[in-house]
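What follows is a short report on a single structure.
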Amino acid sequence: MNRYAFRNPYHLPTHFYNLKADLEELPPPPLNPLTKKPLNPQDLEVIFPKSFIAQEISTERFIPIPPEVLEAYSVFRPTPLIYGSKLMEYLDTPARIFYKYEGVSPTGSHKTNTALMQAYLAKKDGIASLSTETGAGQWGSSLSYAGSKFGLNIQVYMVRASFRQKPGRRIMMEIFGGRVMESPSPTTEAGRKYYAENPDHPGSLGIAISEAVEVAVKNPEIKYSLGSVLDAVLLHQSIIGLEAEKQLQEIGLLPDVVIGCVGGGSNFAGLSFPFVRKSLKENAAIKFLAVEPEACPSITKGELGYDHGDSVGLTPLLFMHSLGKDFIPPAIHAGGLRYHGMAPLVSHLVKHGMVKARAYSQRAVFEAARIFLKTEGILPAPESAHAIAAVIDEALEAKKTGRPVNILFNLSGHGFFDINAYDQRNKAEN
């Protein structure tokens, strides 16, 4: 079997896939934070572009990808599907391991998929500026890149722990023209509360979201852009799984196990949802495994119910697994997974038993990353290394049973901008 699936233009989808079209029961609707009643789509217009809202509420099965976005995708999509033969040899497992490598995007992560689409929709609506938050910096980099492609000003609130751990991401955002601030910052009411308590507060995605949303609410010329959690974001990320589906079809395979890391849920959903459709419509026996950090276990330790997506309470109430909007996670190196809540659609699948969750320690995750670098020759982002830890465990389980399962996972980003995190981890262990 060839190690790489070549970049065939046929693999690039022309439409996104919307899981909501195939669910017998939809998740409970978002609630207005003031009235606590089901949200009216018009209520979101103070925050989001109208075209984005239309996709957020859509239940159409397939949403066309505009030609301008397809052209932007063609720079790096379709991304390669790689046969993990070297990792398989190292583990001496009968399992067949495949990974979709999203690290080949211009910003080194899957976040570019929704960033380009959201920037296009904002430009279409006549919007000149977008505000956002970023954890590890992958989303902020991606939106800054997308802003440079479609002529938008991008303002990014970067979680302080990551701002200081990952200067490379900040530099990349600024090269693309993004304006980056540490969060919590003294520039917003939401940020000042935490900044006054502790100028070195490590921050959280919830706080950074509050700052970015506040900026949009107070300035009608600015709209807010979110990189995960929301239905429309998961819709855009479905391009990952749609490509993987076509690539695996060429070699006549269907995955037995689909794995992805989860913070807000976008990269796991992007890979898995097209295969969830196969389970729903074709009764395909596929195991779906969402992997999170022990330090921020929103699914395995959080409660399922309504909660705000931000720390201050400006955003709509979402029905999701959550550790609580006031939860401040430790400053782990997987900054993209330091979020208190899980995407409602992912939470819905967990509730109905279609998705299982597993949490790993930072130590186990970094060991998995080392093994992957030594075998596959790619340094994974700390977020993606969570998925790799689960892949290794599943492959070793297959070794015990002798069952040649097909494992598919999302390598959602490279770790080159996270080299300081790996350095700190090495120093801590030596």
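Each value in this text was obtained by applying a stated rule to the coordinates, not by laboratory testing. Because the structure is predicted, anything quoted here is derived from the model rather than measured. Note that each Cβ is placed from the backbone with ideal geometry, even for glycine, and that neighbours are counted across all protein chains shown.
So how tilted is helix 362-376 from the main axis of the chain? Cα-based, degrees 0 to 90, rounded to 10.
50 degrees
Test of understanding: express the Cα radius of gyration of the chain as a ratio to 2.2 N^0.38 Å, with N the residue count. Present the calculation step by step, with values, prior to reporting the outcome.
Numbers: Rg = 19.9 Å, N = 430, 2.2 N^0.38 = 22.0 Å.
Compactness ratio reported: 0.90.
Rounded to the nearest 5, what is the percent of antiparallel bridges among the DSSP beta bridges in the stretch 55-171?
Taking every DSSP beta bridge within the stretch 55-171, about 35 percent pair in antiparallel fashion.
Which distance in nm do the two modelled labels at K278 and R363 give, with both placed 7 Å along the Cα-to-Cβ direction?
3.7 nm
Can you give the net charge of the other residues whose Cβ lies under 11 Å from the Cβ of G241, counting K and R as +1 and D and E as -1? Display every interim value, and only then the final one.
Details: positive: K100, K246, R277, K278; negative: E243, E245.
With Lys, Arg at +1 and Asp, Glu at -1, the neighbours total +2.
List the aspartates and glutamates whose Cα lies under 18 Å from the Cα of K223, skipping any in the same chain that are fewer than 8 positions away.
D43, E45, E56, D125, E133, E189, E211, E214, D231, D310
When DSSP assigns beta bridges and you keep just the ones with both residues in the stretch 274-367, what percent turn out antiparallel, to the nearest 5? Kindly include the intermediate steps, with their values, before the conclusion.
Numbers: 7 of 13 bridges.
Of those bridges, close to 55 percent are antiparallel.
Once Lys and Arg get +1 and Asp and Glu get -1 on their Cβ, which of V257, M354, V405 lies farthest toward the positive end of the dipole of the chain?
Going by the Cα projections, it comes out as V405.
Take peptides 267-278, 160-171, 17-28 and line them up by average Cβ neighbours within 10 Å, highest first, as a rough protection proxy. Walk me through the numbers before you get to the answer.
On the way: 267-278: 27.2, 160-171: 22.0, 17-28: 16.3.
My ranking of the peptides, most packed first, is 267-278, 160-171, 17-28.
Filter K20/K301; K50/K356; K20/K246 down to the pairs with a C-alpha to C-alpha distance above 31 Å, please. Write down the numbers at each step before the final one.
Details: K20/K301 26 Å; K50/K356 34 Å; K20/K246 21 Å.
Table pairs above 31 Å Cα-Cα are K50/K356.
Once label points are set 7 Å from the Cα along Cα→Cβ at both E71 and Q424, what is their separation, rounded to one decimal in nm?
Computed distance between label sites E71 and Q424 equals 4.2 nm.
With springs only between Cα atoms under 10 Å, which of E383, E182, E303 fluctuates most in a Gaussian network model of the chain?
E303
Share of antiparallel DSSP beta bridges in the chain, in percent to the nearest 5? Walk me through the numbers before you get to the answer.
Numbers: 18 of 52 bridges.
So the antiparallel bridges in the chain amount to around 35 percent.
Let me have the relative contact order for the chain, percent, based on Cα pairs under 8 Å that are six or more residues apart. Walk me through the numbers before you get to the answer.
Working: 970 pairs, mean separation 85.8, N = 430.
Once normalised by length, the contact order is 20 percent.
Quick check on the stretch 122-194: take the gyration tensor over C-alpha atoms, sort the square-rooted eigenvalues as a ≥ b ≥ c, and tell me if it's rounded (a/c under 1.5), prolate or oblate.
Values: a/c = 2.69, a/b = 1.37, b/c = 1.97.
Judged from the Cα gyration tensor, the stretch 122-194 comes out oblate (a/c at least 1.5, b/c at or above a/b).
Cα-based Rg of the stretch 92-225 per 2.2 N^0.38 Å, rounded to two decimals? Provide the component values of the computation, followed by the final result.
Numbers: Rg = 16.1 Å, N = 134, 2.2 N^0.38 = 14.1 Å.
Scaled against compact globular proteins, the figure is 1.14.
Stretch A295-E45 to full length: gain in nm at 0.36 nm per residue minus the Cα-Cα span? It would help to have the intermediate numbers written out before the result.
Details: separation 250, 0.36 × 250 = 90.00 nm, distance 3.45 nm.
Gain on extension, A295 to E45, equals 86.6 nm.
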